[in-house]
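Next up is a structure, given as structure tokens.
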Amino acid sequence: MSDTSANAVAFVRTESVPASAPPVNAAGPVKWLKDNLFDGVGNSILTVLAFVAIFLILSNTMPWVINGIWDAPTLAACREILDGTTGACFAVLSERWNQLLFGFKYPTEMYWRPALAFAMLFVAFAPVLFFDLPRKLLIFTGLYPFIAFWLIWGGPIVNPILALVGLIVGYMVFVRLEKTSFAMAMGAGVVSAAVIWSLSKVIGSDSAIFSIGYLETVPSRDLGGFMLNMMLGVTCVSLSLPLGIALALGRQSSMPLIKYVCVIFIEFIRGVPLITLLFVASVMLGYFFPPGSGVDLFIRVVIMITLFSAAYIAEVVRGGLAALPKGQYEAADSLGLDYAQATRLIILPQALKISIPGIVNIAVGLFKDTTLVSVISMFDMVGMIRGPILASTDWNGVYWELFSFAALLFFVVCYGISQYSQWLERRLATDH
Amino acid sequence: MLLNDTRYRSLTLQAIAAILLALAIFYLANNVVTNLQRLGLNIDFSFLGAPAGYDINQRLIEYTSQSTNLKAAFVGILNTLLVAFLACIMATIFGVFAGVLRLSNNWLVSKLMSIYVEIFRNIPVLIWILIIYGIMTVVMPAPRAFRGEDAEAAMFLGISAFTNRGVYIPGPEFSRIFGEMGILSAGIGWLVAIAILICSFFGGRTVTRRATRIQEATGVRPATLVTNLAIWFLPLIAFFIITGLAFEIPELKGFNFKGGIKIGAPLIAIWFALSIYTGAFIAENVRAGIQAVSKGQTEAASALGIRPNRIMSLVVLPQALRVIIPPLISQYLNITKNSSLAILVGYADVTATLGGITLNQTGRAIECIVLLMLFYLIISLIISAVANLYNNSTKLKER
């Protein structure tokens with residue numbers, strides 16, 4: 001019986017057929033090519049044009065880069081080695097490496113000082129940029145400006161230490177008195193800090209304390225190269241952030257006097273090009289200081305760039321403040337927080353989070369704008385290239401190598417910062 | 001105490017602020033006065049009327065070294081406006097092109113455009129200006145390379161010459177009516193041409209409005225294409241024929257090209273550098289603007305039966321433009337301010353004439369810088385006023 005029933009049907013499949021592979025043009029790389037590159041006539045033409053463009057760019061630049069000469073004393077020697085073939089003279093970079101980074105006046109035997117300060121910059125910034133690192137590192141961040149100042153400019157270590165102690169004493173006085181009256185505490189803090197700062201004058205410059213930890217002094221006018229760009233960028237961004245936040249809060253203020261002072265300041269600064277402000281720094285700002293004070297050019301430039309970027313940061317932060325729902329302000333009020341508490345605990349943390357992309361854009365823009373100081377004859381990276389290096393008889397005529405290097409350096413830094421900001425935005429995102 | 005009484009707190013604080021502000025201003029002003037007295041200087045604008053004593057080779061109006069400093073500044077202002085205008089147009093073209101292509105579903109093209117945007121945004125515009133100036137002055141052949149039977153360089157299409165002294169292109173000349181009127185003839189001719197174009201614009205708008213009115217009344221839209229084309233082009237062509245518009249082709253005479261229009265290397269450097277640099281920013285604005293229009297809008301429009309090209313012009317673009325235009329205007333403002341970098345390559349804009357040579361020759365630092373800032377402030381106030389007008393006119397009208 002079972003035999004017959006088994007034989008009654010000629011053929012029965014007992015398991016399913018394995019799925020056959022999809023057609024070549026519906027899966028895998030071919031499908032990807034078809035979907036992404038050759039999707040229709042117009043797209044195919046675009047693809048071909050893009051390939052031609054890539055080919056033209058690469059075929060013109062690659063031989064130049066690959067044949068580059070890295071070791072030659074002068075441009076003439078480099079051209080001799082190249083012997084008529086296409087190739088870059090990157091030798092200018094290796095020969096003038098120190099000048100590009102530190103300028104042409106910074107004493108050679110002291111290069112380790114700015115280099116060390118630069119390395120420490122990363123340690124100092126790490127806890128600010130990445131929240132997962134131990135919070136104790138922030139102490140180093142607080143100390144960093146004083147260490148960096150001492151390393152780069154030299155002089156007795158007593159000066160930065162006194163400045164630091166002054167700040168700490170001022171802050172402690174402020175905290176002690178804050179409960180009784182905010183304004184009084186502020187005043188007392190400033191006064192006590194000033195007392196400490198003036199100690200160095202009281203001691204007298206020939207005192208033995210000043211020989212402790214003495215590094216040879218380097219005047220500001222000897223700073224240069226990429227170091228100058230970094231110093232201006234870091235200093236001005238750090239200084240302009242608090243100033244910008246203060247201006248933004250001032251602009252939102254209900255007090256007309258404060259509001260309009262802030263509005264006029266912000267709109268004035270934003271209405272003029274940075275270069276005119278740098279002219280102010282180089283020829284005009286000196287008149288605003290007491291006669292004979294002789295504030296040096298670096299500080300004057302820092303002042304003007306800080307004011308410049310503070311105005312832009314103020315606008316970005318104002319955008320963040322305006323984006324906060326009114327309920328946040330009202331909730332803070334109904335909790336009984338005063339203005340300072342509400343701003344510090346409720347408003348600013350949220351507003352600043354919204355403003356992060358904008359602030360980073362300003363920071364990147366500012367870092368790029370530090371190259372403008374070459375117009376007022378400071379020898380930053382671009383100033384070094386245009387001035388001492390291109391004007392020297394050895395390297396007269398090496399444009400592309402130098403400018404490509406400068407471009408690459410700025411690209412790496414600026415692109416890095418913008419990638420960090422995108423990471424931070426994702427990290428801080430609390431919505432779904 | 002006044003600070004703890006909410007009725008007077010605001011006033012008290014403002015009074016304190018006013019006192020501090022007055023003290024600060026007094027301190028600074030006092031310093032300025034003392035310093036100026038010590039150096040034997042004064043504030044005096046009469047130097048503006050004195051002869052400038054330097055030449056400007058890029059100029060839109062008549063100017064000699066005997067002209068006044070004021071006139072030099074004015075030449076500079078016109079040069080600033082010229083380069084800003086040219087760069088705004090070209091940056092918009094680059095930006096829109098790159099922004100739209102970045103959204104293309106062609107993987108290669110969109111990646112190329114992101115590379116363009118990232119590279120140009122992240123490198124200082126100063127370096128771009130110097131690089132393009134380098135290309136214009138180092139790579140381009142000297143005029144003498146065009147000489148002889150087997151010249152090393154050839155003129156582009158036989159009508160333009162790219163040399164290391166600048167680019168020479170054919171210059172339009174009105175040979176008939178304006179021929180006898182001297183130096184301003186071409187200027188007046190072009191002004192008339194622009195006036196005709198403006199009239200054509202209003203004429204075309206009237207035709208379109210009439211068509212819309214007829215469509216709303218009857219449901220049938222009359223064809224407007226031919227009429228519009230005629231309104232736009234016929235008067236202009238007629239004007240050119242009447243005035244005998246002819247192009248003068250540059251020729252190599254002696255050591256340099258003569259005839260046609262010369263665009264100097266500095267102008268090209270600053271123009272192109274600002275265009276490609278700002279174009280990268282505009283590309284991002286354009287991309288963001290198009291992406292800001294939610295997909296539901298397109299879908300709703302097609303559900304209503306609107307055709308794809310009408311969806312673009314009636315639904316997507318008006319909403320995207322509302323997002324794109326305000327940052328675009330602020331980029332125009334940036335171009336105008338960044339054009340001050342022209343001083344770097346020797347383009348005679350207002351920063352280079354008033355804030356550069358005049359300042360250095362007369363030593364009138366405060367006066368020159370104040371005037372310079374005033375000029376840029378006025379320009380940026382005008383541009384922001386235009387931006388505000390636009391924002392108010394396109395603001396979402398809710399409730």
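Each value in this text was obtained by applying a stated rule to the coordinates, not by laboratory testing. Bear in mind the structure is a predicted one, so any value in this text is a computation, not a measurement. With ideal geometry, Cβ positions are generated from the backbone for all residues, glycine too; neighbour counts draw on all protein chains shown.
I'd like the orientation of helix A:41-66 relative to chain A: the angle between its Cα long axis and the longest Cα principal axis, in ° from 0 to 90, rounded to 10.
Roughly 50 degrees, rounded to the nearest 10.
Next question. Running a GNM on chain A with Cα contacts under 10 Å, which residue among A:PHE308, A:PHE11, A:PHE379 ends up with the highest mean-square fluctuation?
Of A:PHE308, A:PHE11, A:PHE379, the Gaussian network model singles out A:PHE11 as fluctuating most.
Also, quick follow-up: Based on the Cβ-Cβ distance from B:VAL370 to B:ILE241, what FRET efficiency comes out when R0 is 51 Å, to the nearest 0.05?
Approximately 0.50, to the nearest 0.05.
Across peptide A:274-281, what mean number of C-beta atoms from other chains lies inside 10 Å of a residue's C-beta?
6
Additional query: If you take each beta carbon of peptide B:102-108 and count the beta carbons of other chains within 10 angstrom, what is the mean?
So the per-residue partner count for this stretch is 6.
Between A:MET62, A:ASN43, A:ALA27, whose Cα lies farthest towards the positive end of the dipole of region A:24-94 when Lys and Arg beta carbons carry +1 and Asp and Glu beta carbons carry -1, centred on the Cα centre?
Toward the positive end, the furthest listed residue is A:ALA27.
Charges at C-beta only: +1 for Lys and Arg, -1 for Asp and Glu. How large is the resulting dipole of the protein assembly as shown about its Cα centre, in Debye rounded to 20?
2160
Moving on. In nm, give the distance between the simple-model label positions of A:TRP97 and B:LEU60, each being 7 Å from the Cα along the Cα-to-Cβ direction.
A separation of 5.0 nm, rounded to one decimal place.
For B:GLY166, which sequence-distant residues (separation of 5 or more, or a different chain) have an amide H within less than 5 Å of its own amide H, given hydrogens modelled in the peptide plane?
B:ALA265
Would you be so kind as to identify which of B:LEU48, B:LEU130, B:MET373 lies farthest towards the positive end of the dipole of chain B, taking Lys and Arg as +1 and Asp and Glu as -1 on Cβ and the Cα centre as origin?
After comparing all options, I get B:MET373.
About the Cα centre, and with charges only on the beta carbon of Lys, Arg (+1) and Asp, Glu (-1), how big is the dipole of region A:305-357? Nearest 20 debye, please.
Charge dipole, region A:305-357, about its Cα centre: 140 debye, nearest 20.
Take every residue in peptide A:30-40, count the Cβ atoms of other chains within 10 Å of its Cβ, and give the average of those counts.
Shielding by partners across A:30-40 averages 2.
Same structure, new question: What angle do you read, to the nearest 10 degrees and between 0 and 90, between the alpha-carbon axis of helix A:297-323 and the longest principal axis of chain A?
Helix A:297-323 sits at roughly 60 degrees to that axis.
Which residue fluctuates most in the GNM of chain B (Cα springs below 10 Å): B:ASN164, B:ASN31, B:ASN360?
For chain B, modelled as a Gaussian network with Cα springs under 10 Å, the answer is B:ASN31.
Quick one: helix A:348-369 against the long Cα principal axis of chain A, what's the angle to the nearest 10°, folded into 0 to 90?
Around 90 degrees separate the two axes.
Under the Cβ-under-4.7 Å rule, which cysteines of chain A stay unpaired?
A:CYS236, A:CYS262, A:CYS414
Ok, one more. Quick check for me: using +1 on Lys/Arg Cβ and -1 on Asp/Glu Cβ, what's the dipole size of region A:222-432 about its Cα centre, in debye to the nearest 20?
380
Neighbour counts of other C-beta atoms within 10 Å: give me A:ILE266, A:ILE196, B:ILE25 arranged from fewest to most.
Fewest to most other Cβ atoms nearby, the residues stand as B:ILE25, A:ILE196, A:ILE266.
I need the helices of chain B that pass two filters: whole DSSP H segments spanning 24 Å or more by Cα along the axis, and mean Kyte-Doolittle score no lower than 0.0.
B:6-39, B:69-102, B:185-218, B:225-243, B:265-292, B:317-338, B:365-394
Could you tell me the relative contact order of region A:24-94? Use alpha-carbon pairs under 8 Å, at least six residues apart, and round to a whole percent.
Relative contact order here is 24 percent.
Amide H of B:ILE261: which non-local residues (sequence gap of 5 or more, or other chain) have their own amide H closer than 5 Å, using H built in the peptide plane?
Distant-sequence amide H within range of B:ILE261: B:ILE169, B:GLY171.
Taking DSSP loops as anything outside H, G, I, E and B, show the longest stretch in chain A free of trypsin sites (Lys or Arg not before Pro) there with at most 11 other beta carbons within 10 Å.
That would be A:180-432.
Have a look at B:ILE325, B:PHE202, B:GLY296 and report the one farthest towards the positive end of the charge dipole of chain B, computed about the Cα centre with Cβ charges (Lys/Arg +1, Asp/Glu -1).
B:GLY296
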